[in-house]
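The values are calculated or read from the model by the stated rules, or taken from the named source; none is laboratory data. All values derive from a computational prediction rather than experimental measurement. For neighbour counting, all protein chains shown are included, and Cβ atoms are generated from backbone atoms with ideal geometry for every residue, glycine included.
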Amino acid sequence: MMAAVGAIEVAADGPALHIPDGFVSTPVALAGWVVTGIIVGLAARRAGRELDDRAVPLMGVMAAFIFAAQMMNFPVAGGTSGHMLGGALAAVLLGPSAAVIVMTAVVGLQAFLFQDGGIGALGVNVLNMGILTAFTGYAAFRVATAAGGRSRAVVLGAMFVAAWVSVEVAAIATSLQLAVSDTSPLSVALPAMVGVHALVGIGEGLISAAALGFVLSTRPDLASRTVAAPSTMPVAGD
Amino acid sequence: MSGTKRWIVVGVVIALVIAGSSAWLASGSPDGLERVAEDKEFLHRAEDSGYEILPGYTVPGIDDERASTVLAGVIGVIVVGGIAFGAGRLLRHSKPGADGPAPGEQT
């Protein structure tokens, strides 16, 4: 859209946390590729074991929904926008391993096809927006539901909190990478990123809770395995 | 399975509607990272990717900005949904431990 900043169309057009090439140093970019490559590989193996046949179409729908939701930038304070990341929602619905695969597809496609986020920075982008959001969102959801139970209100509230936490974790990770890359000192980037994304996270939380509520209302069987504790006994139904 | 099929169609249609309507509804303001990069003066470090396919969620050659975004969104929804679905199927049906390439992964 219209950017106040002339020349840098790629950065100006892209949605929220996507790091363009140039923001992270070569070592950070490479480390991102290596770490992400390893985790995605492990997630692929685990997902193969954990997925059941019903979850496979849900992966496609989740990827489509998250891609679309990422296009829908919503305004937050002060002439700034944000958009959903989706990793926490995907992890709660699919489990963290399948969520990592879904998020890798989304963020990878955004880089390769839409020039949103750099190719060099793709490793850190998948790490921040896909892997960290999936695992921290999933962990936060599990903690919240373990404490609060599994009523619909608690589950949706836990989803909101988990989504908010996941966005902040992604923002913190991005700040660390910017600092290590000598792009912006941590004392500058961290408060700014955490502050903006505290607001972005509210949007993430609301959309995630709404989407989870939709799935629970329409096809609770698709979600039950992950929304009910997956590591304990499978729940037969309501 | 037809109930599931219908649910999938509904889900994909919702995604298409969101992606398409973003051409009208999405905020054009700089996003979180961009805002910080601008305020903290490191936005100039951003580098172009050096090639363009559907840059910034537009389709080159379509002058109408909204039509361009709608089409790019539809392409994205279909392609990414297909990739994730295909990856799920492959992972589901491949034996763990086999040394095939991981779908959705770089070479």
Only one of B:ALA67, B:ALA84, B:ALA98, B:ALA72 is at pLDDT 95 or above and more than 8 Å from every other protein chain (Cβ to nearest Cβ), namely B:ALA67
Could you tell me which residue of the stretch A:38-54 is surrounded by the most Cβ atoms within 10 Å (Cβ to Cβ), considering only residues that are assigned to a helix (DSSP H, G or I) and more than 7 Å from chain B (Cβ to nearest Cβ)?
A:ALA43
Determine, yes or no, whether B:GLU52 is under 22 Å from A:PRO20 (Cβ atoms), modelled with pLDDT under 95 and more than 19 Å from the chain's Cα centre (by Cα).
no
Look through the stretch A:77-110, keep the residues that are surrounded by fewer than 24 Cβ atoms within 10 Å (Cβ to Cβ) and of a type in the set (A, V, I, L, M, F, W, C), and return whichever of them is farthest from the chain's Cα centre (by Cα).
A:ALA77
Sole miss for A:GLY157 among (1) within 24 Å of A:ASP52 (Cα to Cα); (2) away from every other protein chain (no Cβ under 14 Å); (3) modelled with pLDDT of 95 or more is condition (1)
I'm told B:VAL12 meets every condition in (1) modelled with pLDDT under 95; (2) surrounded by fewer than 22 Cβ atoms within 10 Å (Cβ to Cβ); (3) at the interface with chain A (Cβ under 7 Å from one of its Cβ atoms); (4) out of contact with any Leu (no Cβ under 6 Å at 6 or more places or on another chain) except one. Can you identify the failing condition by its number?
(1)
Going by the structure shown, is A:PRO15 touching a strand residue (DSSP E or B) at 6+ places or on another chain (Cβ under 6 Å) and either modelled with pLDDT under 95 or of a type in the set (A, V, I, L, M, F, W, C) (or both)?
yes
